[in-house]
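Read the structure below first, then the notes.
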Amino acid sequence: MPKPSHVASIVLFLLSFSYTYAIPGLVILTVTVTVPGPGLLPTPPKTSPTIPPSYAPDRVFQNTILAVTNKYRWDHNATALTWNLTLESSSRRWARQCRWAHSTSGENLAMGYANVTTPVQAWGDERALFNFNRHSFTHETGHFSQLVWKGTRTVGCARFYCGDYADRGKDDDAYGWYVVCQYFPVGNIIGGKFFEENVQAKVSGVAGKTESQVYEVWALGVMLLAALVAAFGVG
């Protein structure tokens, strides 16, 4: 799991959840997983929840999510996602509640990351744990399989600053920057050959490498823009 770029005093968490449509012959699965990041729980920072730190303007946030997401999708032979405003609105409504729980299926959550790039990278880098010989859902790889699910076509995400760790009212309250991404059509469908068909091994060869490099350059440019915006306090 990638580490945050500069906020060493925030512990990272991911949450993954999935349930499928009720299709005959399929197993309907509901899973909630909390995966703590590496390292010990540090002392949370003391910042004012009324003046949240800069994260990214809307356009930079959207473009960065798409760039990093689609880089992983290219790597695994899935078409690029487009932005879904309805899902964005739904994600925003949920993020503003600062509840560390899922609102729906087809959703990835993260909190405690200092920039837009690292939550998506953390989800995507779960591929190191995915068994491409078995092609099945696991608790440790649910973010990754949703991220690269071939049947998914659109994504909409939102972020909201939920205040300091010390200000949480309950243990299941989110804190820091809370990122919610919802996908449609939803992935992680259990049964049949859904996983085999929708979560493919990393593309190898010249063609796959070329496609991957295109998105690497795009993602790098978007991330650089986000860094410049954050450095100059715009947004």
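The values are calculated or read from the model by the stated rules, or taken from the named source; none is laboratory data. The model shown is predicted, which means the values in this text are computed figures rather than measured ones. Here the Cβ positions follow ideal geometry from the backbone for every residue, glycine too, while neighbour counts run over all protein chains shown.
Inside the stretch 82-130, can you point out the residues that are in contact with a helix residue (DSSP H, G or I) (Cβ under 6 Å, 6 or more places away or on another chain) and among the aliphatic types (A, V, I, L, M)? Across the stretch 82-130, the qualifying residues are Ala110, Val116, Val120.
Which is under 14 Å from the mean Cα position of the chain (by Cα) and at pLDDT 70 or above, of Val199, Val203, Val155? Write out each step before concluding.
Working: Val199 fails: under 14 Å from the mean Cα position of the chain (by Cα); Val203 fails: under 14 Å from the mean Cα position of the chain (by Cα).
None of the others qualify; the one that does is Val155.
Check Gly163, Gly124 and return the single one that is within 12 Å of Thr69 (Cα to Cα), touching a Phe, Trp or Tyr at 6+ places or on another chain (Cβ under 8 Å) and either outside any helix (DSSP H, G or I) or modelled with pLDDT of 95 or more (or both). Show your work before the answer.
Details: Gly163 fails: within 12 Å of Thr69 (Cα to Cα).
Selected residue: Gly124, the only one of Gly163, Gly124 that is within 12 Å of Thr69 (Cα to Cα), touching a Phe, Trp or Tyr at 6+ places or on another chain (Cβ under 8 Å) and either outside any helix (DSSP H, G or I) or modelled with pLDDT of 95 or more (or both).
Kindly establish whether Arg99 is of a type in the set (D, E, K, R) and under 20 Å from Arg59 (Cα atoms). For Arg99, the condition - of a type in the set (D, E, K, R) and under 20 Å from Arg59 (Cα atoms) - is not met.
Taking the stretch 133-168 as the range and being touching a residue at least 40 places away in the same chain (Cβ under 8 Å), of a type in the set (Val, Ile, Thr) and surrounded by fewer than 22 Cβ atoms within 10 Å (Cβ to Cβ) as the test, only Thr154 passes. Of all the criteria given as (1) under 9 Å from the mean Cα position of the chain (by Cα); (2) surrounded by fewer than 24 Cβ atoms within 10 Å (Cβ to Cβ), the one not satisfied by Ala114 is (1).
Taking the stated definitions as given, is Ser212 modelled with pLDDT of 55 or more and of a type in the set (Ser, Thr, Tyr)? Lay out the reasoning, then the answer.
Numbers: modelled with pLDDT of 55 or more: no; of a type in the set (Ser, Thr, Tyr): yes.
Here the answer is no, as Ser212 does not meet what is asked.
Go through Thr69, Thr86, Thr104, Thr82 for me and flag whichever is surrounded by fewer than 21 Cβ atoms within 10 Å (Cβ to Cβ), β-branched (Val, Ile, Thr), touching a residue at least 24 places away in the same chain (Cβ under 8 Å) and touching a Gly at 6+ places or on another chain (Cβ under 9 Å).
On the way: Thr69 fails: surrounded by fewer than 21 Cβ atoms within 10 Å (Cβ to Cβ); Thr104 fails: touching a Gly at 6+ places or on another chain (Cβ under 9 Å); Thr82 fails: touching a Gly at 6+ places or on another chain (Cβ under 9 Å).
Sole residue among the options that is surrounded by fewer than 21 Cβ atoms within 10 Å (Cβ to Cβ), β-branched (Val, Ile, Thr), touching a residue at least 24 places away in the same chain (Cβ under 8 Å) and touching a Gly at 6+ places or on another chain (Cβ under 9 Å): Thr86.
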